[in-house]
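Undergrad: Questions regarding the structure given below will be posed in turn.
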Amino acid sequence: MREGIHPEYGPVVFRDRAANHAFLTRSTLAGRPTGKTIEWEDGRTYPVVDVEISNVSHPFYTGTARVLDTAGRVERFERRYGKRGGA
């Protein structure tokens, strides 16, 4: 690999504000100066990135996702506006 063209890759804490959950992983966001840091369980300080949603709060992963009834919508549309024949 060429030197000096790749972003810094290091440990970062991603914090889900909606679920009050945080996890430590590695990311290229480690090199960005965010100014926010957090002391992790191991006693070290890591940069922190706040996210709006993660697997802990996303409806697909939590099982609260809703399935849309598309057949019912089509029938309701046809009842409301009627089937229109070709002119």
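The values are calculated or read from the model by the stated rules, or taken from the named source; none is laboratory data. Here the structure is a predicted model, which means the values were calculated and not measured. Here the Cβ is made from the backbone with ideal geometry for all residues, glycine too, and neighbour counts use every protein chain on show. For accessibility, only protein heavy atoms count, side chains too; no ligands or nucleic acids. Shrake-Rupley method; radii C 1.70, N 1.55, O 1.52, S 1.80 Å.
Undergrad: Filter the stretch 1-49 down to the residues that are among the β-branched types (Val, Ile, Thr) and under 26 Å from residue 62 (Cβ atoms) and list them by number.
TA: Correct list: 12, 13, 25, 38, 48, 49.
Undergrad: Please identify the pairs in which a residue from the stretch 44-55 that is farther than 11 Å from residue 17 by Cβ has its Cβ atom under 6 Å from the Cβ atom of a residue that is part of a loop (DSSP other than H, G, I, E, B) and among the aromatic types (Phe, Trp, Tyr), counting only partners at least 6 apart or on another chain.
TA: Filtered contacts from the stretch 44-55: 46/40.
Undergrad: Turning to a different aspect of this structure: Return the pairs, sorted by first residue and then second, in which the second residue is part of a loop (DSSP other than H, G, I, E, B) and of a type outside the set (Phe, Trp, Tyr), the first residue lies in the stretch 24-43 and is under 12 Å from residue 11 (Cα atoms), the beta carbons are less than 6 Å apart, and the residues are 6+ apart or on different chains.
TA: Final answer for the pair search is 28/7; 30/8; 31/7; 31/8.
Undergrad: Okay, moving on. Only residues in the stretch 1-23 that are open to solvent by less than 50 Å² (accessible area, probe 1.4 Å) count as the first member; pair them with residues that are basic (Lys, Arg), Cβ under 6 angstrom, at least 6 apart or cross-chain, and list the lot.
TA: 22/15
Undergrad: Does the stretch 27-38 contain any residue that is part of a strand (DSSP E or B) and open to solvent by 50 Å² or more (accessible area, probe 1.4 Å)?
TA: Among the residues of the stretch 27-38, at least one is part of a strand (DSSP E or B) and open to solvent by 50 Å² or more (accessible area, probe 1.4 Å), which makes the answer yes.
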